[in-house]
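Everything on this sheet refers to the single structure shown next.
Read-outs: derived from the displayed coordinates by stated rules, not from any lab. Model, not experiment: these values are computed from the prediction. Neighbour counts are summed over all protein chains in view; Cβ atoms, including those assigned to glycine, are modelled from backbone coordinates with ideal geometry.
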Amino acid sequence: MGWLGNLLERIAGGVAGAPPIELTFVPSIPAPDIPGIGEAIEPDSCYIELYLESLRLARARQFATRFHGVAYSFVTLPREGEERAQLAAVSKPEKLAELDKGSLDHVITVSKQMMGPTAFRGGPVSLEFGLFSVKSGNLLTPLLDYITRVSSTAGISYVGAIKPFVPLITEGMNLIAGQLQDTALEVGVDTDLTLSTSCAAAIIARPKGSIDPAKLSLDEDRGLLLDGNHLDCGYAVFSLRRTPNKSDYGEIPELKERYAAFQSAIRRGKMMDSRDALTAFRLATIASPDLITTDARRLSEKANQKFKEAFPPGGIAAFETEVRVEKLSEIGLYD
């Protein structure tokens with residue numbers, strides 16, 4: 001259990017005057033307008049993404065000043081050949097910045113990506129997800145801005161790039177959430193999910209068991225409805241989506257580096273050096289925990305085709321052929 005899980009336990013116990021309730025978490029609600037919902041998720045066959053879809057803030061009414069809406073996510077999931085991957089993100093979208101009490105009755109549609117396409121290897125996906133209101137204009141605002149910048153710098157996809165920033169993000173949010181006079185947890189969940197299909201889920205500021213999940217649905221703006229009526233409490237709707245493609249494959253550092261070495265050897269017209277560099281790239285691609293098997297094979301074959309174009313039968317050197325030098329991201333993995 002992470003810091004958010006501990007915070008939820010304290011709130012459920014009535015610490016610091018908070019209502020002694022366990023919030024409602026519904027792991028699957030109908031969402032026909034969200035791309036991919038209901039599509040099968042199978043190990044090593046796709047990537048998964050996390051999106052914050054919509055939300056409603058309510059507890060921020062305790063603040064006399066303006067406030068920020070802040071979303072926090074922390075996901076851990078199996079990673080091939082390595083310890084479980086950890087991906088953390090903090091988002092303060094423009095729609096959640098400098099709000100006032102007049103915004104409390106509005107459903108805010110965000111559709112903000114919190115985790116980019118990450119290879120799904122099977123097994124449970126652990127998720128901490130929290131929606132906070134943070135008082136504006138005090139000492140917390142600079143800290144919140146800093147954590148948001150750190151999260152943005154880390155990015156939302158490549159696991160290795162995010163790893164050094166995870167402690168900064170989680171510890172920073174822990175500090176903010178600990179300021180009970182200036183921070184309100186709207187909704188939050190700490191849970192393990194077994195994914196078989198893409199799904200939309202909701203965290204609702206109502207006591208567990210007080211809402212019939214079968215009566216929940218989303219409107220065209222992804223606002224949450226109960227029996228066809230908009231809920232008047234705080235909530236967050238998020239989705240875990242299947243995607244067959246990893247659009248940022250060209251930014252995986254070890255693959256990017258080895259492909260650049262391969263391209264450099266081709267530019268020099270060195271057939272043996274190119275073959276060695278191609279082998280190094282192929283092995284790194286096959287071993288990459290960030291690519292599913294079909295993409296690793298396809299990427300390796302694309303590079304092999306590039307080698308054949310550079311050094312066709314007959315021993316013609318690369319500098320005598322028309323071979324375009326390209327970045328890894330330009331190789332056209334999904335063409």
Using a Förster distance of 35 Å, the FRET efficiency for GLU22-LEU283 (Cβ separation, nearest 0.05): 0.10
Qualifying aspartates and glutamates (Cα of each under 16 Å from Cα of LYS270; at least 8 residues distant if same chain): GLU309, GLU320, GLU322
Over 27 Å (Cα to Cα) - which of LYS112/LYS306; LYS163/LYS256; LYS112/LYS215; LYS95/LYS208 fall in this group: LYS112/LYS306; LYS95/LYS208
Farthest positive-ward along the chain dipole, Cα basis, beta-carbon charges - from TYR51, MET271, THR109: MET271
Among GLY137, GLY38, GLY188, residue whose mean-square fluctuation peaks in a GNM of the chain (springs only between Cα atoms under 10 Å): GLY137
Distance (nanometres) between label positions extended 7 Å along Cα→Cβ at ASP212 and LEU143: 4.4 nm
Positive minus negative residues near GLY228 (Lys, Arg vs Asp, Glu; Cβ under 12 Å): -1
Acute angle (nearest 10 degrees) that the helix 253-267 long axis makes with the longest principal axis of the chain, alpha-carbon atoms: 20 degrees
Contact order relative to length of region 31-181, as percent, for alpha carbon pairs under 8 angstrom and 6 or more apart: 31 percent
Listed residues PRO142, PRO27, PRO78, most fluctuating in the chain (Gaussian network, C-alpha, under 10 Å): PRO142
Inter-site label distance for LYS101 and ARG121 at 7 Å from Cα along Cβ, in nm: 5.1 nm
Integer Hz, Karplus 6.51/-1.76/1.60 couplings in order for region 150-159, x for Gly and Pro: 4, 4, 5, 5, 5, x, 10, 10, 5, 4
Sites excluded, GluC sites (Glu not before Pro) in DSSP loops with at most 11 other C-beta within 10 Å, longest stretch of the chain: 1-219
